[in-house]
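Okay, so here's the structure we're looking at.
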Amino acid sequence: MKKTMQYILFMLVALTLVACSSTNKESGNETKGQEEQSEPTTRIVKDAYGDVTIPTEPKNMLVLSSNYAENLIEIGVTPQMVTVVEEIEPEYRFKLFNDNNVKIIPTVQYEDNLEVILEAAPDVIIAQGAAIDAKKYEALSKIAPTVAVEAGVAIDEYVPVLGELFKKEKEATLALEKYREKIEETKEKLHDAIGDEKILVLRVEQNQYRVLGTEKGSPGSDMLYTQLGLNIPTMLKDNNEWFTPISLEVLPDIDADHIFVEQRQMQNYSSEQSMKDLENSPMWQAMDAVKIGNVYPLKTADYVVGEGLIGSPLFLDYLVEKLVP
């Protein structure tokens, strides 16, 4: 009888422990579930037009700038989609986007492309603040939460902002350090090779010719004349505009030691006839740099559209290839 009572008591204690364990486990799972459910699905960020609520983890992010998309990938943020004007994109970007499973959405240059963007069904849109006005921002915001990134046009200005936006500050800093090291390395090579020799960039357009000036922060001019510290021809040294129209008649007066010729690329655009006219011009043929063969082709896609953490180092390599013996 005594043993029977002990057995019954033992079973009651065991059952009580099992029940408590089960209750604690269920309680723990419930708490864990509540914690998971409490994780915010959205967050508020600030852009050029104020505060905007975006998904914490976007599932269908669309970037309206292929340049921004390139730099986001370099700091560890891969968008799902990017809009591009195929005719003016540098070749390396198509491979970059394909390798990272970024859907390429072709668009029309200098148009809003709202129907194409609507069809893409993004859950957040990332755009350059300077590239969209209030009217377009409002239209885009009706499609999906839109972040108009407020930053300068130079890599050093907008990459840190992108890093902060996506909490990739450390990655952005490291990427910029690597980028600056590449510039300094290239600067030393070029100055050792050509010293004070002068560099001219001549843009060949459909109905005119233009020369690159020294505008700070602009593609090409900032890299060549500010960051690399290369010399611009004497006639243009006070020209702080990006590009300035020029007549062929003044070409012989430009003391350029090296000339990069950009046959401008645009959608539905051709500058082939202007290029032929240049090459047949006695004024062009009279230039010293032309006589000795110091003339090099330059693609709009590579040094303007392709400016970025990947594209700019490729442009630097091209400068070294052409200017360093």
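The values are calculated or read from the model by the stated rules, or taken from the named source; none is laboratory data. The shown structure was predicted, so the numbers you read here are calculated from the model rather than taken from an experiment. Please note: Cβ atoms are built from the backbone with ideal geometry, for glycine as well, and neighbour counts cover all protein chains shown. Ligands, DNA and RNA are excluded from the accessible area calculation, which covers all protein heavy atoms including side chains. Shrake-Rupley method; radii C 1.70, N 1.55, O 1.52, S 1.80 Å.
A few comments on the model shown:
- ³J(HN,Hα), Karplus 6.51/-1.76/1.60, whole Hz, each residue of region 228-234, x for Gly, Pro: 8, x, 7, 8, 9, x, 3
- Across region 176-183, rounded Karplus estimates of 3J(HN,Hα) from the backbone phi angles (6.51 cos²θ - 1.76 cosθ + 1.60, θ = phi - 60°) give 5, 4, 5, 5, 5, 4, 5, 5 Hz, Gly and Pro being marked x.
- Dividing the alpha-carbon radius of gyration of the chain by the rule-of-thumb value 2.2 N^0.38 Å gives 1.47.
- Between the C-alpha center of region 178-221 and that of region 132-158 there is a gap of 29 Å.
- Scaled against the 2.2 N^0.38 Å expected of a compact globular protein of N residues, the Cα radius of gyration of region 237-279 reads 1.36.
- Selection from LEU323, THR53, GLN273 lying farthest towards where the dipole of the chain points positive, charges on Cβ: THR53
- Nearest-20 debye value, the chain charge dipole, Cβ charges on Lys, Arg, Asp, Glu: 1620
- Cα gyration tensor, region 150-205 - rounded (a/c under 1.5), prolate or oblate: oblate
- Förster radius 25 Å - calculated FRET efficiency between ALA131 and ASP156, Cβ distance, rounded to 0.05: 0.85
- Rg over Rh [alpha-carbon atoms, Kirkwood Rh] for region 144-277: 1.05
- Accessible area (Å², 1.4 Å probe, nearest 10) - PHE315: 20
- Placing unit charges on the Cβ atoms of the charged side chains and taking the dipole of the chain about its Cα centre, the candidate lying farthest along the positive direction among LEU212, ILE155, VAL102 is VAL102.
- Modelled FRET efficiency - R0 35 Å, TYR296 with ASP123, Cβ distances, 0.05 increments: 0.20
- In this structure GLU164 has an accessible area near 120 Å², from a 1.4 Å probe over the protein heavy atoms.
- Amide H to amide H, with H built 1.01 Å from N, ARG203 comes under 5 Å of ARG210, VAL211, LEU212, GLU262, counting only residues 5 or more places away or on other chains.
- Gap separating the Cα centres of region 58-91 and region 228-305, nearest whole Å: 31
- Ranked by the mean number of other Cβ atoms within 10 Å of their residues, highest first, the peptides 62-75, 168-181, 142-155, 267-280 come out as 62-75, 142-155, 168-181, 267-280.
- Exceeding the 22 Å Cα-Cα cut-off - candidates LYS187/LYS237; LYS187/LYS216; LYS95/LYS167: LYS95/LYS167
- Distant-in-sequence amide H partners of VAL84 (H built 1.01 Å from N, under 5 Å): ILE105, THR107
- 5 angstrom amide H check on LYS198, placed H, neighbours 5+ away: ASP257, HIS258
- Three-way shape label, region 40-137, alpha-carbon gyration tensor, a/c 1.5: oblate
- DSSP-defined antiparallel bridges as percent of all bridges, the chain, nearest 5: 35
- Computed log10 I(q)/I(0) for region 222-294 at 0.16, 0.20, 0.25 Å⁻¹: -0.70, -1.05, -1.35, from the Debye equation with unit scatterers placed on every C-alpha and solvent omitted.
- Derived scalar couplings between HN and Hα for region 186-192 equal 5, 4, 5, 5, 5, 5, 5 Hz in order, rounded to whole Hz, by the Karplus curve 6.51 cos²θ - 1.76 cosθ + 1.60 (θ = phi - 60°), x for Gly and Pro.
- In this structure PHE94 has an accessible area near 60 Å², from a 1.4 Å probe over the protein heavy atoms.
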